[in-house]
1. Please report, in cubic angstrom per residue, the volume enclosed by the convex hull of the alpha-carbon atoms of the stretch 682-856.
2. Determine how many Å³ per residue the convex hull of the Cα atoms of the stretch 435-523 encloses.
3. Please arrange MET318, MET340 by how many other C-beta atoms lie within 10 Å of their C-beta, fewest to most.
4. Collect residues whose amide H, placed 1.01 Å from N in the peptide plane, falls under 5 Å from the amide H of LYS461; neighbours closer than 5 in sequence don't count.
5. Diagonalise the Cα gyration tensor of the stretch 527-581 and give the resulting equivalent ellipsoid semi-axes, square root of 5 times each eigenvalue, largest first, whole Å.
6. Multiply the residue gap between ASP677 and ARG469 by 0.36 nm, knock off their C-alpha separation, and tell me the result in nm, one decimal place.
7. If I model a spin label as a point 7 Å beyond the Cα along the Cα-Cβ vector, how far apart are those points for SER424 and ASN562 in nm?
8. Please get the size of the charge dipole for the stretch 255-461, origin at its Cα centre, with Cβ charges of +1 on Lys and Arg and -1 on Asp and Glu, quoted in debye to the nearest 20.
Amino acid sequence: MQQTLLRPQAMSGTPVTAPRVAVVVPIFRHSVLLSEAIESVLAQRAGFQIQLVLVNDGCPHAETDLVCREYALSYPERITYLRKPNGGLSDARNHGIRHALATWSSVEAIYMLDADNRLRPDAMANAMAALEKHADAGWIYPNIDMFGLRWAGDYGGDYSLLIHTVMNVCEAGSLIRREVFEAGVYFDTSFKSGFEDWDFFLTAAEAGFRGRNIENFGFLYRKRAESMLADSERDSDAIRSEMRKKHKKLFSPRGLLELEQQEAPRYAIFLADRGEVLLTVDPDVPDARRMPMAEFERLWWRTQTDNSQHHMPPILLMTHSAVLDQLRRARLLHAVLWTMERRLAQQCFAALEIEPREAERIGWNEQEAQGSTELHAAMLMVRPGLFSDIVRDSSIAWASGVAARPCAVPTTLLRLQLPETLFSNGEELYTAAAHDFVAVAARYQASPNRDALAYSWDWRKPDIPWRGRTHEISRIPTKADAAYPRIARDGRDIGFVLPLVEFGGVERVALNTARAMKRAGWRPHLFVLEAQSCQFSAEWRDTFESVTFLADPTFTTWGPANSNYLGTDVPDWSRFGDQRQATAMLSWLDAVINFHGGAISGVMGRLKRFGVKTALSLHLSDQSPFKRLVGNTYLGLAFEHAYDAILPCSEQLGDWCHGMGIPADKIVPLLNAPSFDLPEGAEARIDARRATRSPQDPLRIIYLGRLDHQKGVERLISIVETAEATRLPIEWRLIGKTVLGDSALEIPPHIAGLLEPPLTTPEGLAEAFEWADVFILPSYYEGLPLTILEAMRSGVIPIATDAGAVTEVVRQWENGVVLSQRETVGEALSALARLAADPDLVQRLSARARADMTGRDWNSAVVPLIQRLEMIQAADKKKK
């Protein structure tokens, strides 16, 4: 709304020639104190002209107008008086700023002075000199020297936007370069309850400007027991909430992590073999700072005597460059740092031991090391502040205790098992982190700088306590024990969340989706929710940029449930659990896909608010003992609002989702495809095998999968036994294993004798399907089984029950056989007998099955998902 100016609109006598600085004073109910502020400006000793702009913001006191008029008439060449209707502090400041910029093209900077504060005589000269000296400074801000209630606060040191997000380090009484306003940065008039200046400088920083503090500014702040600032502090939670909404990107986990890396690295990583220290949040970023240990020691001592002005990484690590390389090859570096840092919430130290293993698996366990264990640590992490305490201690007991035999200091010991293939030939394991840390502590204790710790070196009170706690700032959005130490680079990072990683169908879908998305330019990251180990062969390592174990004992994928949705238990953790760590683990990503993570659906709503795109992969509905459909599909319905996309594995399941109330534009079918590429030469062998099959050859039948109730194993046993009893010309291969804990399952000895162990390599699976003519799957319930698709690709005829989306790919007696759920065994035996007696039918069905899989691959399957994610991201950018 256009403002109506009161008359006279402005009072200024003799035209001002060329002021370099304009001092803007907004006035509302400070008529008596105003003269002190004016006189302090008039008394400035500066070698340049200063124009004072008084803005009467509709003050109800007649004295305000009288004082302003008198000064404007007395100093017509130096003072301009503006009157306007009341619009609040921000509006008054903006009014004065715009007038100054429009009136005097010579003005290089604007100074904001509140009517109840004042300046020392050299304030503007000091501030302008600093602005001239530092071309990169957008504004010069002061320390806070208070009068009234006397107090002096030190806000010195490098400006930190990271710290500025948690405390207002820049007083409104700052000298602000003209270019800041020309970039469109003004005070937000919607802020009327305080912190207007805080919001202003955050906006300026987001526009690319930075502040600079000077010790000798000369600003004097009037402090009273009751003030507008006191009111602001009472409403601070609400005001801060509004600022977080306005500066959403800045306050996001990703935004804070980027600032932490740029301004206040979290870790000081001592590399014992190189004699250097790595200062970083993310060890893999290219701009991580490295310095010799001697230089680091000098910087460390500086922070001990002047900690409010200088940053020092709060978390110290002792390790070896080879250890970092080993963890990188295992894709575990960031996860290990994150887990160790979280453990420091309860312990003084966190230690890591690495154990090579023959198996292609990674795993971990942890224990309390105090009083029971001799450490062979490859990495030692020290709680923030503890190293400083150790150096100040007259003894070395704290430090030496961690290297004692056994360990004498509370320490969490993480033991990490890694495949031997990740280690170079002849590479010795570094195990001396604890001893090397003791040596560093002893050297610091012997330093002559230690005597300086007994003295106070500044008359002002250090008033940026966050300088020594910068690692806690990036924790604020999630309230976790540690922010995940990964900086998002250019590109797109997507998380794949699973409760465990073994050889199941869901895991194979996740792996192939990740591989296809990686080929499309995304960076996949694996997150294991509940298990403490997982299979991690070369194809998994080649696909995923990182792997992280949640390592949170409070989390269970399903667990106890005191409520249910449409008959499916809703895990208590998803609604009431401690979700801080899981949220922090995922909040830095661009997108997350939940693969049967159960309770992890509970964090997806929070992730969406952080700007992470969320998707839920759906495969099948389970069956209760009473044949009722339950499980992950129904839990997905319960949390549908928390997801940007629902990814059914088949068109049929997509139709079910729509029928159950999920909007059609949110459903993005991610259609299953064969889960492995055929090895080189397999196509030719399949051609030869199918072409040379003799009519006299027995029918080769394969079962490949888990031996559990869902897969209809008792049906399978009946089919095998009856086929043998009726002497059908059949050869069997039964490949798989029973599920642990399935005590109801009994496999007859003669059937057990046919069992082969599970196949996990593409070569092994391809060979098995090359051998077979028929694949049988008598399941009670399914999604869209990968094994059916893999069998058909190799020309193997599927015989499967009508479960899930089987009929979406298997057409009766065209490319396979569909069995009913009621007469499964009889229909299967009839189909086997017919195929065994008709070699031409076998050839026709085999060829059709193989042809129907042409072009069905994961690269094509992920295209709709990628398009949907990109569309959502583009829509978000438009909103901004």
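None of the figures in this text is laboratory data; all of them are computed from the coordinates on show. Remember, predicted model here, so these are calculated numbers, not experimental data. Here Cβ is always computed from backbone atoms with ideal geometry, including for glycine, and neighbour counts include all displayed protein chains.
1. Spread over its residues, the Cα hull of the stretch 682-856 gives 111 Å³ apiece.
2. 230 Å³
3. MET340, MET318
4. Here ALA152, GLY153, ASP154 satisfy the definition.
5. Value: 29, 13, 9 Å, ordered largest first.
6. Roughly 69.9 nm would be gained on extension.
7. 5.6 nm
8. Charge dipole, the stretch 255-461, about its Cα centre: 480 debye, nearest 20.
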